[in-house]
Amino acid sequence: MMNATSLLNAVALKLPAISIDGVPQPWHELLRLAQTGGLKTWQLRGHELIPVVQGGMGVGISAGSLAGTVAKMGGVGTVSSVELRRLHPDLMAQTGHLDEEPDAKERIENANLVALDREIQRAKKISEGHGLVAVNVMKALSAYEPHVRQALASGADAIVVGAGLPLDLPELAKDYPDTALIPILSDARGVQLIVRKWEKKGRLPDAIVIEHPRLAGGHLGAAKVADLQDKRFDFDVVLPAVLEFFKASGIEGKIPLIVAGGISSREDILRLQGLGASAVQLGTAFAVTQEGDASPEFKRVLAQATPSDMVEFISVAGLPARAVRTRWLNKYLRTEAKLKAVAHEKKKCNMSFDCLTHCGLRDGKAEIGQFCIATHLGHALEGDTEKGLFFRGAGTLPFGQEIRSVQDLMDWLLGGIKTQTIHFQSLRHTAAT
Ligand SMILES: Cc1cc2nc3c(=O)[nH]c(=O)nc-3n(C[C@H](O)[C@H](O)[C@H](O)COP(=O)(O)O)c2cc1C
Ligand code: SF4
């Protein structure tokens with residue numbers, strides 16, 4: 001519900017009432033709200049969309065509930081494919097105890113594919129056919145290919161790949177010409193490389209996510225922590241360079257750009273659309289919504305973190321990452337040098353299913369992280385603040401520490417309206433006085 005000032009502002013601007021007495025209005029009201037406020041809607045594979053994308057967040061942070069809710073509002077909602085069995089007690093009962101069994105890896109990965117299919121169907125059901133349901137798959141996963149194939153077979157509208165260069169994605173998706181293929185990159189050089197390679201395979205990206213390593217959460221698209229601040233990643237450097245490259249290559253206007261990292265207001269979207277972006281992608285702000293698939297404790301840790309709680313480090317996947325400096329992470333970082341000094345190749349993966357193609361811990365690579373990311377992201381999903389790894393972006397959140405609905409977040413991002421829980425009756429009273 002709106003507060004009195006917001007309602008009066010909305011009436012003065014002839015904005016549609018977007019949430020009355022807690023009942024969300026149809027998705028097209030959000031489209032109209034975006035347009036009335038000067039934002040541009042955008043097209044992906046023939047669908048007109050609001051310019052807000054919810055980024056994929058593993059492990060289990062963005063699954064069917066969050067992705068479906070965002071899609072229902074006319075946006076792109078993204079299910080993260082990694083370790084989704086953790087959201088399904090029956091699949092955990094079948095696989096959670098597996099360790100030395102010779103078929104442990106196969107059974108765990110099968111459970112993850114079943115869970116991925118369930119979450120895609122759940123998202124599609126919640127979306128009621130609006131927006132698009134995407135699936136995010138990390139290239140660094142050992143099960144990258146099966147996850148992409150499952151997502152395609154389960155009817156994902158888009159496949160979004162980060163944490164590595166998805167040079168093989170056009171081949172993997174060749175039987176699915178209607179599924180949008182979207183790489184995540186961080187600089188103009190990466191965009192040129194992927195476009196050139198994909199062009200040779202006869203397919204262009206349907207959109208590209210440009211994620212800022214200085215601002216985003218989770219794994220970051222830079223070689224080392226010292227590079228995160230590099231100016232070449234700034235949106236006002238990357239966007240003009242990429243647009244210039246598109247123009248010179250004769251593909252101007254063909255590939256929408258989605259920018260990600262530190263975005264929290266309508267003014268941000270206006271500015272970024274002014275630079276040539278079609279849409280923005282948010283992660284942390286969606287992770288802490290009521291519909292977010294993580295535990296309330298996970299959301300609390302992210303929402304309450306201040307800039308001084310944030311830390312960057314090298315993950316076990318070999319990429320820099322950004323997270324909240326929780327008790328476990330602090331302890332790990334204090335002992336990291338010692339752990340690296342004794343790094344050695346292990347006979348067996350910590351969790352039996354070799355989640356990563358290259359893993360600093362399992363493979364004994366002393367130059368990168370020395371912890372089991374699958375274990376600690378799993379603890380975070382459950383809200384275990386002692387042992388969890390809580391990925392988070394560096395920016396501030398639109399509602400501070402409050403856990404609000406996706407509708408509230410959309411109202412704010414698209415209309416600049418901060419809804420409050422005031423009764424309509426008292427609104428009329430306030431407006432009349
Ligand atoms: C908890 C968390 C988990 C994330 N996991 C993934 C992931 O699995 N794959 C991915 O491509 N991006 C991941 N991201 C990045 C988001 O999709 C998004 O691009 C980024 O967080 C945007 O920055 P913001 O958090 O400042 O909005 C994650 C971010 C967060 C906060
Ligand atoms: S040790 Fe942990 S992080 Fe490394 S591959 Fe195995 S499950 Fe993944």
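Bear in mind these aren't lab numbers, they're just calculated from the coordinates by the rules spelled out. In this text the structure is predicted, and so the values were computed from the model without any measurement. Here the Cβ positions follow ideal geometry from the backbone for every residue, glycine too, while neighbour counts run over all protein chains shown.
Full extension of the segment from Lys387 to Ala248, taken as 0.36 nm per residue of separation minus the current Cα-Cα distance, would add 45.1 nm.
As a rough footprinting exposure proxy, the listed residues Ser65, Ser81, Ser315, Ser265 were ranked by other beta carbons within 10 Å of their own, and the order from fewest upward is Ser265, Ser65, Ser315, Ser81.
Just need the relative contact order of the range 139-250 here, percent rounded to a whole number, with Cα pairs under 8 Å and 6+ apart.
Normalised by residue count, the contact order of the range 139-250 is 22 percent.
Principal-axis analysis of the Cα atoms of the chain puts helix 373-382 at an angle of about 40° to the longest axis. Exposure proxy for Glu83, Glu252: other Cβ atoms within 10 Å of each Cβ, ordered fewest to most, give Glu252, Glu83. With contacts taken as Cα pairs under 8 Å at a separation of at least 6 residues, the range 308-427 carries a relative contact order of 26 percent. When the trypsin sites (Lys or Arg not before Pro) in the range 187-216 are filtered for DSSP coil states and for at most 15 other beta-carbon atoms within 10 Å of their beta-carbon, the remaining sites are Lys201, Arg203. Using 0.36 nm per residue and subtracting the Cα-Cα separation, the extra length available between Lys346 and Asp234 on full extension is 36.4 nm. Using a simple spin-label model with pseudo-atoms 7 Å out from Cα toward Cβ, Arg300 and Lys200 lie 5.3 nm apart. Note: relative contact order over the chain, using C-alpha pairs below 8 Å and six or more positions apart, is 19 percent. Using R0 = 22 Å, the C-beta based FRET efficiency linking Gln43 and Asp178 works out to 0.95.
Against the chain, whose longest principal axis is taken from its Cα atoms, helix 104-127 shows a tilt of about 10°. Cross-link partners for Lys340 among the lysines, with Cα-Cα distance under 28 Å and sequence neighbours closer than 8 places in the same chain left out: Lys105, Lys139, Lys224, Lys331, Lys348, Lys365, Lys387. Computed over Cα pairs, the Kirkwood radius of the chain leads via Stokes-Einstein (1.306 mPa s, 10 °C) to a diffusion coefficient of 72 µm² per second. A cut-off of 5 Å between modelled amide H atoms, ignoring neighbours fewer than 5 places along the same chain, links Asn136 with Val79, Ser80, Ser81, Val160. Taking label points 7 Å from Cα along the Cα-to-Cβ direction, Thr375 and Glu402 give a separation of 4.0 nm. Going by alpha carbons, how many degrees (0 to 90, nearest 10) lie between the helix axis of 188-200 and the longest principal axis of the chain? Taking the Cα atoms of the chain, the angle to 188-200 is about 80 degrees. When only the Cβ of Lys, Arg, Asp and Glu is charged (+1, +1, -1, -1), the dipole of the chain relative to its Cα centre reaches about 640 debye.
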